[in-house]
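To keep things clear, I will list the structure first and then write my remarks on it.
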């Protein structure tokens, strides 16, 4: 399973970054992204909370 942020949908609310700062960050435009090397951290319980907390459903956990 992999974590994915849909940059076309992201509005930069930052809920994922606030929920799991060790997995997510925001780029120079304020859009969320997964930190390098953390793409496979989808099994962490807080990652699922980050998915639920995104107001525009830009964060997803996808099957490999």
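The values are calculated or read from the model by the stated rules, or taken from the named source; none is laboratory data. These figures come from a predicted structure and were not determined experimentally. Here the Cβ positions follow ideal geometry from the backbone for every residue, glycine too, while neighbour counts run over all protein chains shown.
Filtering the range 34-42 for residues that are at positive phi and modelled with pLDDT of 95 or more leaves an empty set.
Considering only residues that are in contact with a helix residue (DSSP H, G or I) (Cβ under 9 Å, 6 or more places away or on another chain) and farther than 11 Å from residue 4 by Cβ, look in the range 53-64 and name the one that is surrounded by the fewest Cβ atoms within 10 Å (Cβ to Cβ).
Step by step, filter the range 53-64, then rank; the result is 55.
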